[in-house]
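Written out below as structure tokens is the structure these notes cover.
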Amino acid sequence: MGGPELVEIARDGIVTFFKVGMPVMVIGLLVGVLISLFQALTQIQEQTLVYVPKVAAIFGSLLLLLPFMADAMATYMTRIAERIAAGG
């Protein structure tokens, strides 16, 4: 296995990582920005106000996106297993 093959495997792994992780992170970011905007508009400066909605949104998004995430990881593992079975 040479350099180009390793770079392709690494690139595929990074793309899969972003496909799996990015939707949940974006949802957490959007909820955080919305709560911060709400706090700025109402002048409520409670530090714990951010955590409950953010945790609930991330948990809900994980429940909804879990099939997509599992499929992306299974597809990546299948491609890696096929390379191993082919001898590199």
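List of remarks:
- Members of region 45-88 found to be outside any helix (DSSP H, G or I) and surrounded by 12 or more Cβ atoms within 10 Å (Cβ to Cβ), listed by number: V50
- Candidate set: region 46-88, residues that are among the β-branched types (V, I, T) and out of contact with any Asp or Glu (no Cβ under 9 Å at 6 or more places or on another chain); chosen: the one nearest to M1 (Cα to Cα): I84
- Filtered residues of region 31-44 (kept if outside any helix (DSSP H, G or I) and either among the aliphatic types (A, V, I, L, M) or modelled with pLDDT of 90 or more (or both)): I44
- Residue within region 19-35 that is exposed (fewer than 11 other Cβ atoms within 10 Å of the Cβ) and of a type outside the set (A, V, I, L, M, F, W, C) present: no
- Residue check, E46 among the charged types (D, E, K, R) and in contact (Cβ under 8 Å) with a residue 24 or more places away in the chain: no
The values are calculated or read from the model by the stated rules, or taken from the named source; none is laboratory data. None of these values were measured; they are calculated from a predicted model. When we count neighbours, we look across all protein chains shown, and the Cβ atoms used for this are built from the backbone with ideal geometry, even at glycine.
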